[in-house]
Amino acid sequence: MAIIRRNDTDRGLVRNRGLDPFEMMQDLLRWDPFRELSRGVVGGTEVTNFIPAFEVKETKDSYVFKADLPGIKEDGLDISLTGNRLTISGQRQEEKKDEGDRHFVYERSFGSFSRSFTLPEGIDVDHVQAELKDGVLNVVVPKKPEVQPKRILVKGPGEGEKAKA
């Protein structure tokens, strides 16, 4: 809940900086209740599984999937499309640790991941493109031309014939 108070000098609204409902909602949307379940302890050290962040959007003519995959090479990725299900999986290998090394902070995560997305009908499976550049995966799934939205022109009364004077 936001606290709103009136400013007597200009009669405008001034928001109290302590409670911003939009910031609170973004914090809530970023919260992952399953993040704690993916943590484990190996050799007395807490480690987390590798769970890449995805962004999915629909444009006029395609669906675009972006994923942050730092440290993963093309040969470490598997992208498949079966029916209307797009699956992206891969693995980030843990770097070799020497026994003499002392780690003061070890927050990087490693391991396998797999994400599946169900696509709507009308995708063009023959023209799907994927590119991995600078640790960011871009997958573009185009729509078939017949399912892309078309603009319909609305005609007014008397349009197309001469107006009567």
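The values are calculated or read from the model by the stated rules, or taken from the named source; none is laboratory data. This is a predicted model, so every value here is computed, not measured. Cβ: placed from backbone, ideal geometry, glycine included. Neighbour counts: every protein chain shown. Surface accessibility is based on the protein's heavy atoms, side chains included, excluding ligands, DNA and RNA. Shrake-Rupley method; radii C 1.70, N 1.55, O 1.52, S 1.80 Å.
Along the axis of the charge dipole computed for the stretch 102-153 (Cβ charges of +1 for Lys and Arg, -1 for Asp and Glu, origin at the Cα centre), the listed residues Phe110, Leu137, Leu153 are led at the positive end by Phe110. In this rough spin-label picture, where each label sits 7 Å from Cα along the Cβ direction, the Phe117-Asp101 distance is 3.4 nm.
One chain, two ends: Thr82 and Glu94. Fully extended at 0.36 nm per residue, the span grows by 1.3 nm beyond their Cα-Cα distance.
Decide, for the stretch 80-123, between rounded, prolate and oblate: order the square roots of the alpha carbon gyration tensor eigenvalues as a ≥ b ≥ c, take rounded if a/c falls under 1.5, and otherwise choose prolate if a/b is larger than b/c, else oblate. Cα axes put the stretch 80-123 in the prolate bin. Only protein heavy atoms count here; on that basis, with a 1.4 Å probe, Thr82 has an accessible area of about 100 Å².
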